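One structure below.
The values are calculated or read from the model by the stated rules, or taken from the named source; none is laboratory data. Owing to the predicted nature of the structure, the values given are computational and were not obtained by experimental measurement. Positions of Cβ are backbone-derived with ideal geometry, glycine not excepted, and every protein chain shown enters the neighbour counts.
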Amino acid sequence: MTRFEWYKWNWTKNYRKIKNFFDLRLVFILLFVKVTLILKIIFFEFDIISLLFFLLFFIFSLIKVRFILLDLSAFAIILAMYFIIKYFNSNLLFNDGIYKVVYKDTIQYVVKNKYYKYIFYDSDNSYNVGDFLQIKAKSFRSSWQIKNYYLLSKRISGVIEYSKIDLVSNSWTLYKSLYEYSSNSSIYFQKYFMLLSLGYSNDISQEVYNQTKNLGILHIIVISGFHFSLIYKFLSYITLKLKIKFNELLCIFLIFIYYLLVNKNVSSNRAFFSIIFSYITSKFFKQKFKLIIPFFIGTIALIFNPFLLNSKGFWYTYVITFFIVLVNELKVKRFNKINKCFWYILLNFLIYLVSFQLGLAFNDSFNLIAFLNCLILIPLSQFLIINSIFLWFFKSYLSIIYKILDVLLEFLSYISYQIILSFRISYKLISIVIFNEIFMVYFLTFSKIKFKKEIKRLYN
């Protein structure tokens with residue numbers, strides 16, 4: 001056997017072994033990354049870095065040919081959704097009529113009819129969620145025509161400039177009930193109760209929203225996957241202690257009720273469906289597939305709404321969620337005996353590094369002590385969220401702990417230092433770098449031992 005033939009035989013044998021280790025986790029990670037990159041190229045703008053990374057990951061997928069069908073299916077659905085969205089939005093017109101207010105943010109209102117959602121701005125009048133308005137438009141601009149991908153990510157079809165609006169009637173909504181319930185309470189209750197419990201904001205809580213955003217702790221206060229994970233763990237703990245039969249199903253049912261009530265966003269959707277899929281996979285496959293689920297849900301979300309790619313919440317929730325799961329898996333497999341307090345600090349620091357990179361891509365400023373802010377406020381916010389939801393009827397008690405939170409936020413705002421950048425880094429480049437980092441961490445964490453053992457066995 002010549003040296004060339006020996007190398008060829010050895011490579012072929014190793015290649016076959018490597019194919020056996022091409023597990024389902026890596027398949028879904030690669031699929032999500034490829035879908036993300038191809039959407040950037042198709043929907044936003046062409047850039048050579050996205051194309052090169054897409055080709056790299058696509059070639060890597062050829063290790064198992066049958067997974068090409070998965071890629072082709074996803075890309076075919078994406079193209080189909082592109083033409084469907086273009087067909088329904090490119091020639092869309094606004095018809096004068098009665099519309100229901102479904103979202104309110106200071107002077108910004110989102111209204112909808114049976115099929116479409118629209119946005120308008122009104123600083124002269126005040127309407128509530130659930131109000132029915134007779135709208136006569138002066139002009140209308142389609143989100144597709146003005147290429148406002150942020151509005152499309154929210155499934156908002158266009159912007160209305162109205163000539164006349166009349167309040168026709170109003171109906172009962174949870175938002176209105178919460179607003180009325182909190183409006184007769186202290187200023188602290190009004191600022192924090194709706195925001196912490198179900199993620200709704202009002203004119204007063206808008207100040208808290210801006211304050212926490214500057215402190216780098218917005219995800220802790222505003223409804224997110226953090227809330228869902230905390231509440232689900234709390235419910236599981238209580239039902240286990242009470243020895244309730246079918247406790248898992250009861251927790252799923254209660255978290256479903258909570259999901260129906262909250263102000264929904266990308267993060268809350270991801271968190272809820274992650275809990276559901278984890279339960280299903282644990283029952284039917286005897287595994288929770290924690291690493292697969294975020295990418296599976298993210299891929300499905302992108303296929304049905306490609307413009308989510310332009311949402312900051314999408315990047316934060318999926319990138320950071322996967323990173324948390326990955327690092328926790330690393331702890332279980334390699335550092336199981338590490339001190340819990342030290343691990344809490346280390347985990348939050350690693351999460352901060354990832355979120356810091358994302359923050360540079362999306363914002364033109366960052367907070368120097370955002371990491372310390374998170375360390376301080378995460379335990380307190382856990383306590384506040386649980387109390388806000390399960391002790392909502394104790395207004396006086398909640399007002400006291402909200403006041404403590406308010407004082408703490410004011411203090412942190414006072415000692416914080418905001419650095420404003422004179423440049424903006426392209427979020428397209430940052431996102432690719434982050435996914436590449438995660439991809440490498442995955443290999444170092446899960447594949448190193450298996451490949452080492454197999455290669456040693458082959459050469460011995």
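Overview of results
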quantity: Condition broken by TYR259, with the remaining ones in (1) modelled with pLDDT under 80; (2) of a type in the set (Phe, Trp, Tyr); (3) surrounded by 13 or more Cβ atoms within 10 Å (Cβ to Cβ); (4) closer than 22 Å to SER236 by Cα satisfied; calculated: (1)
quantity: Within the stretch 355-381, tally of residues that are within 11 Å of LEU412 (Cβ to Cβ) and either outside any helix (DSSP H, G or I) or basic (Lys, Arg) (or both); calculated: 2
quantity: Condition broken by ASP124, with the remaining ones in (1) closer than 27 Å to ILE204 by Cα; (2) surrounded by 13 or more Cβ atoms within 10 Å (Cβ to Cβ) satisfied; calculated: (2)
quantity: Test: residue in the stretch 99-116 that is surrounded by 19 or more Cβ atoms within 10 Å (Cβ to Cβ), free of Cβ contacts under 8 Å to residues at least 24 places away in the same chain and not β-branched (Val, Ile, Thr); calculated: yes
quantity: Residue within the stretch 374-389 that is modelled with pLDDT of 85 or more and of a type in the set (Phe, Trp, Tyr) present; calculated: yes
quantity: Residue selected from the stretch 270-281 under the condition surrounded by fewer than 20 Cβ atoms within 10 Å (Cβ to Cβ) and among the polar types (S, T, N, Q), by the criterion nearest to SER388 (Cα to Cα); calculated: SER278
quantity: Verdict on LYS243 being under 17 Å from the mean Cα position of the chain (by Cα), of a type outside the set (Gly, Ala, Ser) and surrounded by fewer than 19 Cβ atoms within 10 Å (Cβ to Cβ); calculated: no
quantity: Any hit, the stretch 293-301, residues being more than 23 Å from ILE389 (Cα to Cα), free of Cβ contacts under 8 Å to residues at least 40 places away in the same chain, crowded, with 17+ Cβ neighbours inside 10 Å and β-branched (Val, Ile, Thr); calculated: yes
quantity: Residues of the stretch 142-194 satisfying the condition of being touching a strand residue (DSSP E or B) at 6+ places or on another chain (Cβ under 7 Å), among the hydroxyl-bearing types (Ser, Thr, Tyr) and not in a loop (DSSP other than H, G, I, E, B); calculated: SER142, TYR162, SER163, SER169
quantity: Single match in ILE338, ILE320 (criterion: out of contact with any strand residue (DSSP E or B) (no Cβ under 8 Å at 6 or more places or on another chain), modelled with pLDDT of 80 or more and not assigned by TED's automatic domain parsing to the domain that holds ILE41); calculated: ILE320
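Table: residues versus (1) at pLDDT below 80; (2) surrounded by fewer than 17 Cβ atoms within 10 Å (Cβ to Cβ); (3) under 16 Å from LEU93 (Cβ atoms).
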site	(1), (2), (3)
PHE120	no, no, yes
LYS136	no, yes, yes
LEU151	no, no, no
VAL159	no, no, yes
VAL168	no, yes, no
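Residue-wise test of (1) surrounded by 14 or more Cβ atoms within 10 Å (Cβ to Cβ); (2) under 22 Å from the mean Cα position of the chain (by Cα).
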site: GLU180; (1), (2): no, no
site: LEU198; (1), (2): yes, yes
site: ILE204; (1), (2): yes, no
site: HIS219; (1), (2): yes, yes
site: LEU249; (1), (2): no, no
